[in-house]
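Written below as structure tokens is the structure these notes are about.
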Amino acid sequence: MESDVDTADGETVILNCIDSNESRLDGDREEIVISTAEVSRWDLTLLGHRSIIKIKANRQRLIRQSSYFHGLLSGSFSESCCDSISIHWDMESLLSMLQFIFGCSLDLTSENFLPLYEAALFFGVDKLLLVCRSWLDYVTSEVRIWPPELCLEDLVHIWDYGRENAIDFIPQLTGYLASNFIWMASCDSFHNVPFELLLTCVKQPCLTVDSEKHLCDAILLWLAANTNPSDRLSSTGDARLEILTEIRTSLLSLPFAAVKRRCPFFSKFAERSVVAICSLAASRSFILADILGGGDCNQLRIRLTEYTKILDLSGCPQINLPLLLLNMLPCSYYLDKLLMKKLNQLSLKLERHADISRISWETFPVLTFEAVQVVDVSNCPMLHLEAAIEFFSKSFPSLTTLKAAYILTFRTMKLYQLLQRCPLLSDIDLTVDSTPVIPAKVSVISSFPAVMLQISTSPNDETCPDVPVFHFSRQLSNITKLILEGRTDIYDSDLQNIAECCPSLCCINLNACTSITDSGISILVLKCVELHSIFACDTSFGHNCVLSLRRNISRLDAVAMKMADDTNSLAYKLQILHIGGCKGINENSLLELISQTQSIRSLCLRETQLVNNSLYKFPGSSLEMLDVSDTKVSCGAVGHVVRGNPLLKCLIARGCRHLLQEENYILGNSPVLYYELGKSCNLEEISLGWGFSFFSLEALRPAIKMLRTFIVGLGGSLGEDGLKLVPTFCPWLETLILYFQVVSDSVVRNILETLKNLQVLALCYCFGEISSLSFQSSAPRLRKLKLERVSTQMTNDDLLILSRNCMNLTELSLVGCKRLNSESQDTISNGWPGLISLHLEDCGEVTAQGVTSLMNCQALEDLLLRHNGLGIDRNFIIRAASRMPLLRKVAVDVCDAKDGDFDLPDFPDRNFLCILKIARCNLKRRSFGSTKSGTCTTPVHAETLILTWDSRKLSRTVVKERL
């Protein structure tokens, strides 16, 4: 504060400040007098709530700083001779303005900007106006692109004020909101944004969204909150629905577009979107005129701006390399016929599996988007990832995270190319579907030589210097997280090379990588001393890996392998260890390993040789997740771990028969384990079976108030009374899965009516019968539903009721619904057009007339049809793969094949298909209760043929199990 405030006679004026806010006039009216001489000590939090304040202020300072006071106090107005004047204004903004006039700094926020701007404008404080404009320029600038301290509601008020008063900061506000559209759509007050502002933002060239589906979702959310229900039934009922034309429907993800076919005012757009997506996915060329049918090129323009940080193209089968490349080129190149020809040639080469090292990439002058850090191209089957990497490296130099799950065409031998081209990458996800042929889980009857995929090396291809397959350098050390789950094309040599080039690796996911050995994993563990998270379920993880984890990481010689210095071992520093299903670890090795996991937070030991002694030796106290399902542990041992780990949030203990031992019980009713959980834990997920009862649920009650996932398996017995208490005890449940429990219509109805957040419901092999009465209540949040052997009397009409009340399902499994017929296909395809997973088994005559309407579920990724009626065409598998661009898994039974067998797809015909299971049954004569004439037979499973594709080969295996 400046110190030249003069309080002598003639230099002081009394400002009688009266709050213009009528709601405060009835407040504290006690007269209070303050002075600008002490302006730095004003407490605005207290003064701002006063309705009347008298302020002694320096007359000359007011005259110099404010044109309003200059005219009032030094002009011809009668007030110029008065010792006091009255001012009616908002008290808080007036006091803040006076503080600024008398030298105090100003703390501007989106909340007080507009009141201060109005005050500065009315009282003519030009310096304050300049400060306000400078602040607004700063917070809406490129440098301040993320708005943590701004409130959308305040920005809308500023926009409204600017529009009403014709102030020129409207463009920068709309540009700012367009650049931060994802933030704007996530705000609670988004539905209150004026339509004109929303439309202006959507039309901005700088509109920045992670994906087109985020924009579409935001617009639909706004329309749902601001349109009448009657208007939603028509695409022309409200003029504001025209904003939907701004959505580039050809760039929506297929699952998203398919599910929106049931959205009233977007159904026509969604239908056109699905048709366009499937057409693009099936296209074998890149002729824009053919693809668009004379439409607008902008429909294929991905919204990439200078502000884009995340590019999410997941679930878009229409995205191929030429289309992606086109979006990285300047708009002017859209009219370049020569470039279009090159793009078409590139598409043909990639279709022939041409060696990408022979393609000249320099002919494509791509743009650079410096802000992009995350790219998600998961579930983009048509994208040639190896080739796309070339452009990612040029267009996205700041790329740190690449999510490319379920892209089989990427060969893991090209991982080096990815790391070399994008040196800043720290997080890579290359997940694929796990093979069902896990050696420890299946009995192999026979296997066939692998069929290798041939890569074209035609000399006619354009050439450029070859990229070496393996040549690792210590400079490639930025990778900290690598997910390779399910990849059977990963071998020990690959792990060794990864260890060489990724010394900073902290997290590795090798779940279901069945081609690697214990030695291969141990070498990776030995060399990557920064590892703290290991996912190696269903692999050969064994004794050698345990030795590597227990070694002294400060030494790398042979002696270190034998040392037992716990605090210097990698096991001591581990935070996550998932080795479920690893049969290669014996009891002693497991004991030695667990006894050193002091810092572990997440531990999965399912289906291992885990025994009580290992858990009693567990030293950790920060465990949050424990999976001991299908092991020999008892309640006492698990309770010991629970007692020492109060932070435990997830316990999975299904299939543990030893939990039934009587010595584990207290008071004769419930095991001590559940009392320990109830006393010390706040669980979010629990999965139990043997020994779990109504009394156990009562003991657990204090621990499950915030439970999100509840699974009760074989050996558990809650009874109807227990199941009726579940919604009361666990009101926040999102997932409820019940096996072999007693259920009824009243139980299921209570669950659906009470659990408003329920997204997953599975009733599998339960006792009792449920009918359509169970699903009379609406369950709009439900996404996954399994009804297996619990609804044998379900009819087509019952299924229709189910589709109306559970309309947002994306995964559906029905087993044993024997009264369904082929008409149910229409109900399923019309009621749930966005299904990504559909399992129908022993469901009457659903496929007796072939598979027809189900083909309209074009977003399906997983399809199982078994014992639903003899009538499926021989070419069904190939036809389904061509009609459903994202279809990865198919399971059928020869019993349903109209011609007695199915055609097997080759590499081109399979499209995205990576797992095909064909079960075969034998017909067995019934030995009891058959007195009628004729032969009475029933199908009995014999074997399953499994075909799996990876980036290199097709594998064929016959197993005993029905998978």
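The values are calculated or read from the model by the stated rules, or taken from the named source; none is laboratory data. Only a predicted model underlies this, so the values are computations on that prediction, with no experimental measurement involved. So basically every Cβ, Gly included, is an ideal-geometry build from the backbone, and we count neighbours across all protein chains shown.
Side notes on the structure shown:
- Flag if His70 is in a loop (DSSP other than H, G, I, E, B) and not small (Gly, Ala, Ser): no
- Every pair of residues 6+ apart whose Cβ atoms lie under 6 Å, when the first sits in segment 565-587 and is assigned to a helix (DSSP H, G or I) while the second is of a type in the set (D, E, K, R): Ala571/Arg550; Tyr572/Asp566
- Any chance Tyr117 is modelled with pLDDT of 90 or more, in a helix (DSSP H, G or I), over 19 Å from Ala57 (Cα atoms) and not basic (Lys, Arg): yes
Per-residue answers, yes or no, for (1) under 26 Å from the mean Cα position of the chain (by Cα); (2) of a type in the set (Lys, Arg); (3) modelled with pLDDT under 90:
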| site | (1), (2), (3) |
| --- | --- |
| Lys481 | yes, yes, no |
| Ser493 | no, no, no |
| Cys501 | no, no, yes |
| Leu524 | no, no, no |
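- Scanning segment 79-103 for residues that are among the polar types (S, T, N, Q) and in a helix (DSSP H, G or I) gives Ser80, Ser93, Ser96, Gln99.
- If the condition is being out of contact with any Lys or Arg (no Cβ under 7 Å at 6 or more places or on another chain) and either at pLDDT below 90 or in a loop (DSSP other than H, G, I, E, B) (or both), then segment 254-278 contributes only Cys263.
- Single residue of Leu424, Leu430 found to be surrounded by fewer than 19 Cβ atoms within 10 Å (Cβ to Cβ), under 24 Å from the mean Cα position of the chain (by Cα), more than 17 Å from Asn327 (Cβ to Cβ) and modelled with pLDDT of 85 or more: Leu424
- Some residue of segment 186-207 being farther than 16 Å from Gln299 by Cα, among the small types (Gly, Ala, Ser), modelled with pLDDT of 95 or more and assigned to a helix (DSSP H, G or I): no
- Residue satisfying all of: in segment 590-606; of a type outside the set (A, V, I, L, M) and not in a loop (DSSP other than H, G, I, E, B); surrounded by the most Cβ atoms within 10 Å (Cβ to Cβ) among these: Cys604
- Residues that are crowded, with 18+ Cβ neighbours inside 10 Å and not in a loop (DSSP other than H, G, I, E, B), drawn from segment 895-920: Cys895, Asp896, Ala897, Ile915, Leu916, Lys917, Ile918, Ala919
- Flag set for Phe100, criterion: touching a Leu at 6+ places or on another chain (Cβ under 7 Å), among the aromatic types (Phe, Trp, Tyr) and at pLDDT 90 or above.
- Residues in segment 745-772 that are crowded, with 20+ Cβ neighbours inside 10 Å and either touching a Gly at 6+ places or on another chain (Cβ under 7 Å) or part of a strand (DSSP E or B) (or both): Leu761, Leu763.
- When segment 38-55 is limited to residues that are in contact with a helix residue (DSSP H, G or I) (Cβ under 9 Å, 6 or more places away or on another chain) and assigned to a helix (DSSP H, G or I), the one that is surrounded by the fewest Cβ atoms within 10 Å (Cβ to Cβ) turns out to be Ser40.
- The criterion of being modelled with pLDDT under 95 and within 28 Å of Ser40 (Cα to Cα) does not hold for Glu153.
- Complete set of residues in segment 500-519 that are over 19 Å from Thr948 (Cβ atoms) and either small (Gly, Ala, Ser) or part of a loop (DSSP other than H, G, I, E, B) (or both): Cys502, Pro503, Ser504, Leu505, Cys506, Thr517, Ser519
Here is a yes/no grid of residues against (1) outside any loop (DSSP other than H, G, I, E, B); (2) in contact with an Asp or Glu (Cβ under 9 Å, 6 or more places away or on another chain):
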residue: Ser774; (1), (2): yes, yes
residue: Thr792; (1), (2): no, yes
residue: Arg804; (1), (2): yes, no
residue: Leu809; (1), (2): no, no
residue: Leu812; (1), (2): yes, no
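- The number of residues in segment 852-878 being aliphatic (A, V, I, L, M), surrounded by 23 or more Cβ atoms within 10 Å (Cβ to Cβ) and outside any helix (DSSP H, G or I) comes to 5.
- The one condition in (1) without any contact (Cβ under 8 Å) to a residue 40 or more places away in the chain; (2) in contact with a Ser or Thr (Cβ under 7 Å, 6 or more places away or on another chain); (3) not polar (S, T, N, Q) that Val892 fails to fulfil: (2)
- Subset of segment 220-237 that is assigned to a loop (DSSP other than H, G, I, E, B) and surrounded by fewer than 13 Cβ atoms within 10 Å (Cβ to Cβ) - its residue that is modelled with the lowest pLDDT: Leu233
- Flag if Trp159 is under 26 Å from Ala120 (Cα atoms), of a type in the set (Phe, Trp, Tyr) and not assigned by TED's automatic domain parsing to the domain that holds Lys309: yes
- Count of segment 370-407 residues which are farther than 17 Å from Leu325 by Cβ and charged (D, E, K, R): 3
- Sole residue being at pLDDT below 95 and buried (at least 19 other Cβ atoms within 10 Å of the Cβ), chosen from Lys573, Lys583, Lys562: Lys573
- Any hit, segment 836-844, residues being in contact with an Asp or Glu (Cβ under 7 Å, 6 or more places away or on another chain), surrounded by 22 or more Cβ atoms within 10 Å (Cβ to Cβ) and of a type outside the set (S, T, N, Q): yes
- Take the conditions (1) within 24 Å of Tyr176 (Cα to Cα); (2) without any contact (Cβ under 8 Å) to a residue 12 or more places away in the chain; (3) assigned to a helix (DSSP H, G or I); Cys132 misses just one of them, which is (2).
- Output for segment 673-692, where each listed residue is more than 18 Å from Val712 (Cα to Cα) and small (Gly, Ala, Ser): Ser680
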